[in-house]
Amino acid sequence: MKGNISRLLSAWMPVALWLLLMFIGSTELLSAEHTSRFLTPFLRWLYPDISQRAIATVHFVVRKAAHVTEYAILTSVLWRALRISLAGKSRALIAAIACVGPALFAASDEFHQSFMPSRTASPNDVLVDCVGVLLAAALCWTVTRPGAPDPNR
């Protein structure tokens, strides 16, 4: 019994911590205004002649790549937790939950951002987040295919 609780805790703690980190990141702390304070000086140091338009483009790409990455990580840790918690259940069930859960969180995260003065809520960001979800799910699906080594053993 104690081993099962420890196993579930070790499975779900990364999910909970990552969700908390994502929630904190969706506050004003990581708004475009705040991230540009770090990125712009770095780009100007790296490329002194960089145009403002190029800075804006790089900033946009970095922020969207961050969306994809954070949701890919969420999907991956959720997939792992589900594999442990739902051992013996089908990969299709695990895949469905691992995709729907983060997609719903993405929508709720954008709703949360709509209450932050320096943030904007965007349905397009939910779509970008879902790209990360689908990329991670495809990778997890491939890695956990029948015959692949089981990392839980």
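The values are calculated or read from the model by the stated rules, or taken from the named source; none is laboratory data. The structure presented is a predicted model; accordingly, all values stated were derived computationally and were not measured. Note: ideal-geometry Cβ built from the backbone for every residue, glycine included; neighbour counts use all protein chains shown.
Below are the figures for this structure:
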| quantity | calculated |
| --- | --- |
| Residue satisfying condition, being at pLDDT below 90 and farther than 25 Å from Arg145 by Cα, within set Phe105, Phe38 | Phe38 |
| Residues within the range 104-127 that are β-branched (Val, Ile, Thr) and either within 20 Å of Ala72 (Cα to Cα) or under 16 Å from the mean Cα position of the chain (by Cα) (or both), tallied | 1 |
| Residue within the range 37-55 that is under 23 Å from Trp18 (Cα atoms) and not in a helix (DSSP H, G or I) present | no |
| Sole exception among (1) farther than 16 Å from Phe23 by Cβ; (2) assigned to a loop (DSSP other than H, G, I, E, B); (3) touching a residue at least 24 places away in the same chain (Cβ under 8 Å) for Gly88, by number | (3) |
| In the range 100-146, residue surrounded by the fewest Cβ atoms within 10 Å (Cβ to Cβ) [restricted to those that are of a type outside the set (Gly, Ala, Ser) and part of a loop (DSSP other than H, G, I, E, B)] | Pro146 |
| Boolean, Ala72 is assigned to a helix (DSSP H, G or I), surrounded by 17 or more Cβ atoms within 10 Å (Cβ to Cβ), modelled with pLDDT of 95 or more and of a type in the set (A, V, I, L, M) | yes |
| Residue satisfying all of: in the range 87-99; surrounded by 13 or more Cβ atoms within 10 Å (Cβ to Cβ) and more than 22 Å from Lys64 (Cβ to Cβ); modelled with the lowest pLDDT among these | Arg91 |
